[in-house]
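Since the structure comes first, as structure tokens, the remarks are kept for the end.
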Amino acid sequence: MNLSDALDDGPYGGNNQSGGPWPGQPAANPTWPGGQPAANPTWPGGQPAANPTWPGGQPAANPTWPGGQPAANPTWPGGQPAPNPTWPGGQPAANPTWPGGQHGGQGGMQPAAPGGWPSPSPGPGPGPGPTMPVISQHNLVVPYKQTLPNGMFDKLLITITGTIKPKADKITVDLVASSDVAFHFNPRFNESGKMVIVRNSCISKKWGKEERDLLHFPFVQGQPFEMKILCTNQEFKVAVNESHLLDFKHRITNLRSINILNIYYDLNLSNVHMETVP
């Protein structure tokens, strides 16, 4: 018997062409009873989640903020505030000192007046002579008296705001030069059952000819109002509640001598503002 025959016939010899196991051959890895263990035997049940230190898997993008990353600016609830947080609702209109935005000198719209109303300047502007300072007062006592340090002059604008009393009989605005009344403006709510605005002047203690004709009476008992008086070289222009009302030609032509504003009777006075316009 040669060596090859001996190997073929031995209990561990031969080619075992049948494909069956070798008698006595152990499993693939005899050091693991029952076969190959799971992928990672140190973790019972298999490989743990991506990050085993966080139960249930990887936490949100920023675990210090519950629910994920906060809004763009966490100091402002709901995200970034409006462009200018000091103004509720965003940036105010172009000129917040005039309700309704920029206008032609009458609180929101250009009144229909011959020659128009110029827009107010941001501050005082020069008249002929000294510069007129801005004068603005609030919650004023009636009767009201205001001295005009430079008198009246071209492009001086006076704005008066207040509320007519509920049972008002009349109100009066006077522009005075010494003992003379250069412009008397007198709305009457019940003159023989009619509403009328009387305009006049009193020079050397004599009243002149009254002006009464008007198509519109803009004042309402119990309601607020805004009145503007614009001085030009020829006349006083009056607008009420954003609409031109009347003109009154100068009867005292020395405008600088007109240096007192008086307001009387049945109104609550909120504000008096004076400025020059371009």
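The values are calculated or read from the model by the stated rules, or taken from the named source; none is laboratory data. What you see is a predicted model; the values in this text were computed from it and never measured. All Cβ positions, even for glycine, are placed from backbone atoms using ideal geometry, and neighbour counts span all protein chains on display.
Quick rundown of the values:
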read-out	value
Pair list, Cβ under 9 Å, 6 or more apart: the stretch 201-221 residue closer than 17 Å to LEU175 by Cβ and at pLDDT below 95, other residue outside any loop (DSSP other than H, G, I, E, B) and among the aromatic types (Phe, Trp, Tyr)	none
Leading residue by the ranking (farthest from LEU156 (Cα to Cα)) among those in the stretch 226-246 that are among the acidic types (Asp, Glu) and assigned to a strand (DSSP E or B)	GLU226
When residues of the stretch 221-231 are limited to those that are surrounded by 15 or more Cβ atoms within 10 Å (Cβ to Cβ) and out of contact with any Leu (no Cβ under 9 Å at 6 or more places or on another chain), the one nearest to ASP266 (Cα to Cα)	GLN221
Extreme residue, nearest to HIS244 (Cα to Cα), among residues of the stretch 148-195 that are touching a Ser or Thr at 6+ places or on another chain (Cβ under 9 Å) and modelled with pLDDT under 95	ASN150
Restricting the stretch 247-278 to residues that are of a type in the set (A, V, I, L, M) and in a loop (DSSP other than H, G, I, E, B), the residue that is farthest from MET152 (Cα to Cα)	VAL277
Qualifying positions in the stretch 232-247 - within 15 Å of ILE160 (Cα to Cα) and either surrounded by fewer than 19 Cβ atoms within 10 Å (Cβ to Cβ) or under 32 Å from the mean Cα position of the chain (by Cα) (or both)	LYS237, VAL238, ALA239, VAL240, ASN241, GLU242, SER243, HIS244, LEU245
Meets criteria (under 38 Å from the mean Cα position of the chain (by Cα), surrounded by fewer than 20 Cβ atoms within 10 Å (Cβ to Cβ) and not in a strand (DSSP E or B)) for PHE217	yes
Condition met for PHE153 (assigned to a strand (DSSP E or B) and farther than 16 Å from GLN221 by Cβ)	no
Condition met for ILE158 (hydrophobic (A, V, I, L, M, F, W, C), touching a His at 6+ places or on another chain (Cβ under 9 Å) and closer than 19 Å to SER270 by Cβ)	yes
